[in-house]
Each structure stands twice: as C-alpha cells, then as structure tokens.
Amino acid sequence: MEGVIDALTRDLLTRQAGFDWSVTEFVRVVDARLPPRVFYKHCPELATRPVATPSGVPVHLQLLGSDPATLASNARQALALGAISIDLNFGCPAKLVNRHDGGASLLRQPDRVFNAVRAVADALGGEIPVTAKIRLGFSDRRLAVTCAQATEAGGAAQLVVHGRTRDEGYRPPAHWEWIGKVRHHVSIPVVANGDIWTLEDYWKARTLSGCNDVMLGRSALSDPWLAPRIRHWQLTGERLPDTTWAMRAYVLKEYAALQRQRLPDRVVVSLVKQWLAQMRQGNAEANQHFQRLKRITDLNTLLNTLTLGKPVQNQEPA
C-alpha cells in the first residue's frame, strides 16, 4: 500500500467502527539505522499517546528490508520512539522492491525470513510484538508453509497471509483455501488477505481459510465503508446498503481538505485522482465518474464537480 495509505488516509478510514488496528506504509530499511524523522514521516502517530489514529485505532509500524542486523537496529529505533508493534513486510510484489532484495523476494529462502524475524524479535526483547506478512510464495506455492513456519519460529506473534504468490501479483483469484493450509501448520494467529471486496467475499475468505480475522488493503480504499459494513453485520446480522457515489465523493472531499492544509493544490489533485482510481476497482459507477473527472487539473473545480453531472454511460471498469 505504498503511496496510498498515509496518516490522513488512516484517519479517514478509521472514523467509523470497523478496523481493530492499522498498519503504516513500509519503512524501507537498507544498510543503516534511519533517523527519527523518517519514522515520524511514515508514522506521525508516534508523536501521540496512544499511538493510534484520532479515532483511537492502534497503528502498527511496518519495516521492509532483508538484512537482519539493520532490521534489528531500526526496530530498536522504532521502539525507542514509542512504536507499539513492528510488522515485517515479506509480501510486497513490486519489481523494484524485489530487485533490491526486499518484500516477497525473501520467500524464495525461508531461512532468510526466519533470520529477519528472529533478529527483530531478539532486538525487541518481548517489549512489543513482532508480526509478519507473507504471500503464498514467490513463483509457486511450494514453500508457503515453510515460510509461514519460519516466521513463527523466528518469534512472530501473528501472521498475515496474502492468498497469491508474488508472480500472481493481484490477478484474481486469491487462493483463500491455501491460506487455510498454511494456518493448519502454525500455531500463531493467521489473518487472511486478498480480494476481499464485499461482505460476501469476507465470509467466503473466512470460511475457506478458517481464519477468524481478515486484513483489508486495496478494498478499503475502493469502498471506505466496507470495514464498517462487515462490523455492522458481525454485531447485528444485518446488511447495510451498498456504498453510494455520494458517500465516496464525501470521503474524497474530506481527504482533499486535509491534504491541502500541507500540500500544494496540484499535488492534492493527483492524490485525489489516485484514490478515485482505487475506487474504480469493481465499481462501474466510480469508474464512470473517474472518466468524467480525470482531466480536471484545478482542485476547486475537481471538488466542486465531484457530485455534479452524470457519469459517462456504458463505461466498464478498466
């Protein structure tokens, strides 16, 4: 979720009950201990107590790297700054990240996953938990269980599993049943992730994986009311109405209002369009509005026309 889940986005997405906790964009760790300003940039919530969004949802700090000693050093730095949990990213499929020995590239060698987790867990000394996120493998699923077991053996207290390999990227479907296979071979809690776009997807993912919990990523941006809809169904058994375009437009306007307090309007225009592009996922109406708005370059014009006019007809999601 690099570049799309900053502190302001976390704030907006957690204003309604639905999320139990959230995770930062990854802090890229290479060969040195990073200065505090880098951690505060990715996780400004570190400056508050508790380390949480304004609505009180805990924020966990994520590190991405491959060198155990450097990961450990940065984990200690984060702990000193007040981090409440360190999450290790072994799931990023981005080619640039993988070429530089980060993210899912480590899944080809489970011992490297173990060494990274163990180094961070030892560095934290049990003061705060270390968690991890993996995919089902790099090119295939043969090492999925072994990589999961490596995170547990290294000291991870919880594991998020994205139901695809790195080479599968984000192409559907997510293999929720394979997450279930992984879960059967570890004793730590496993959280299912991948292709949970609707309430029905949530239930299928839980059923096929056997997991009690799921993690939302792109789908939370696509439908900011998905997590509240799931929580409402959990508590009442009732299904809330689908998210309307007016509701999506409201979130975009709130997001722009927050971002323009610190960024130039031209940058905010790009950020709003970036989120709107995420909303197109599986939603024809949002895609139609995107086609209507994508060439607007003035922020005020963009905001004033979010809810005006009719979307382009007969336009399917890209």
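The values are calculated or read from the model by the stated rules, or taken from the named source; none is laboratory data. A quick note: this is a predicted structure, and the numbers were derived from the prediction, not measured. Heads up, the Cβs are rebuilt from the backbone with ideal geometry, glycines too, and the neighbour counts pull from every protein chain shown.
The table below gives the values:
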| item | result |
| --- | --- |
| When residues of segment 81-102 are limited to those that are buried (at least 22 other Cβ atoms within 10 Å of the Cβ) and out of contact with any Gly (no Cβ under 7 Å at 6 or more places or on another chain), the one nearest to residue 47 (Cα to Cα) | 83 |
| Hits in segment 117-151 (condition: in contact with a Ser or Thr (Cβ under 6 Å, 6 or more places away or on another chain), part of a helix (DSSP H, G or I) and either within 15 Å of residue 174 (Cα to Cα) or not assigned by TED's automatic domain parsing to the domain that holds residue 58 (or both)) | none |
| Count of segment 230-249 residues which are free of Cβ contacts under 8 Å to residues at least 60 places away in the same chain and either more than 12 Å from residue 16 (Cβ to Cβ) or basic (Lys, Arg) (or both) | 12 |
| Selection count where residues are surrounded by fewer than 21 Cβ atoms within 10 Å (Cβ to Cβ) and small (Gly, Ala, Ser), scope segment 168-196 | 3 |
| Any chance residue 111 is surrounded by fewer than 18 Cβ atoms within 10 Å (Cβ to Cβ), without any contact (Cβ under 8 Å) to a residue 40 or more places away in the chain and in a loop (DSSP other than H, G, I, E, B) | no |
| Test for residue 199: is it modelled with pLDDT of 95 or more, under 19 Å from residue 283 (Cβ atoms), crowded, with 18+ Cβ neighbours inside 10 Å and in contact with a helix residue (DSSP H, G or I) (Cβ under 7 Å, 6 or more places away or on another chain) | no |
| Contacts under 9 angstrom Cβ, first residue in segment 198-210 being within 16 Å of residue 161 (Cβ to Cβ), partner surrounded by fewer than 17 Cβ atoms within 10 Å (Cβ to Cβ) and among the charged types (D, E, K, R), 6 or more apart | 206/213; 208/177; 209/177 |
| Of the criteria (1) of a type outside the set (Ser, Thr, Tyr); (2) in contact with a strand residue (DSSP E or B) (Cβ under 8 Å, 6 or more places away or on another chain); (3) closer than 13 Å to residue 137 by Cα, which one residue 176 fails | (3) |
| Residue satisfying condition, being surrounded by 16 or more Cβ atoms within 10 Å (Cβ to Cβ) and among the aliphatic types (A, V, I, L, M), within set 257, 286 | 286 |
| Residues within segment 205-260 that are in a loop (DSSP other than H, G, I, E, B) and either closer than 21 Å to residue 135 by Cβ or of a type in the set (Gly, Ala, Ser) (or both), tallied | 6 |
